[in-house]
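Heads up, the thing below is written out as structure tokens.
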Amino acid sequence: MKMKQPFHHGSLKQALLDASGILLDQHGPDGVTIRAIARQVGVSHAAPVNHYKDRETLLTALATILFKDLLASVQEKLSNKNLPASTRVSVFAIVLFEYAMAYPNRYRLLWHTGLVNHNDPQLLDVMDQFYDACCAEIAGAGMCPERDVETVAIALWSMVHGYTDLRLTGMFEEKNDNVSGCPRLEAMLDMFLNQSHAKSPQE
């Protein structure tokens, strides 16, 4: 989502979204309030209710736009049909991680259950598209003939989200793998994808 200085004449609804995006980048999710948004746009604090009934509704709309940006990034990278199957699976993890590093406050908003309604139909739809595309690539890569595709997808998502969150909080530093020399996430993905292809001793 390209943030721009809001200009509400004729399009207050869009201006409110633009303003919320600017405030999000500057102050984080908790700094995006109806009063702050109205002040940024230059309208009364009561004006936004004509388009968004409350803060959660507005931030959910913003989160939907941000998730559409993530999905578009994934689709753009996957448009290269020459990518190896394992690389296509890695795209989802890399896009999430790089987005978080570039726009930490936007990434935090996406998972903020106190501010975003994750049962909103429009947000659910785009999140499902992202998740379903990931599952489809995992299945197409033949990673889990004896495993549940969704279990593999959730394991991948959990690993990446956990590592990303720890990087954002400063608990983990940006370092390379000591053996391969690859960036840590790349090494983790290589380990995960190889393990997912491997059979357990009982199989």
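Of the residues making up the range 86-111, those that are closer than 30 Å to residue 35 by Cα and surrounded by fewer than 17 Cβ atoms within 10 Å (Cβ to Cβ) number 4.
Criterion applied to 167, 147 was being of a type in the set (Lys, Arg), out of contact with any Gly (no Cβ under 7 Å at 6 or more places or on another chain), closer than 28 Å to residue 194 by Cα and without any contact (Cβ under 8 Å) to a residue 60 or more places away in the chain, and the one residue passing it is 147. In the range 111-123, the residues that are more than 13 Å from residue 67 (Cα to Cα) form Cβ pairs under 9 Å with partners that are assigned to a loop (DSSP other than H, G, I, E, B), at six or more places apart or across chains, as follows: 115/32.
For the criterion of being surrounded by 14 or more Cβ atoms within 10 Å (Cβ to Cβ), outside the structural domain of residue 26 (by TED's automatic domain parsing) and without any contact (Cβ under 8 Å) to a residue 24 or more places away in the chain, residue 83 passes. Note on the range 134-190: residues that are part of a loop (DSSP other than H, G, I, E, B) and surrounded by fewer than 16 Cβ atoms within 10 Å (Cβ to Cβ) amount to 18.
Within the range 119-129, none of the residues are of a type outside the set (D, E, K, R), surrounded by 14 or more Cβ atoms within 10 Å (Cβ to Cβ) and in contact with an Asp or Glu (Cβ under 8 Å, 6 or more places away or on another chain). Among 57, 33, which is the only one that is free of Cβ contacts under 8 Å to residues at least 40 places away in the same chain, out of contact with any Cys (no Cβ under 6 Å at 6 or more places or on another chain) and of a type in the set (S, T, N, Q)? Being free of Cβ contacts under 8 Å to residues at least 40 places away in the same chain, out of contact with any Cys (no Cβ under 6 Å at 6 or more places or on another chain) and of a type in the set (S, T, N, Q) holds for just one of 57, 33, which is 33.
The values are calculated or read from the model by the stated rules, or taken from the named source; none is laboratory data. Only a predicted model underlies this, so the values are computations on that prediction, with no experimental measurement involved. Virtual Cβ from ideal backbone geometry, glycine too; neighbours counted across all protein chains shown.
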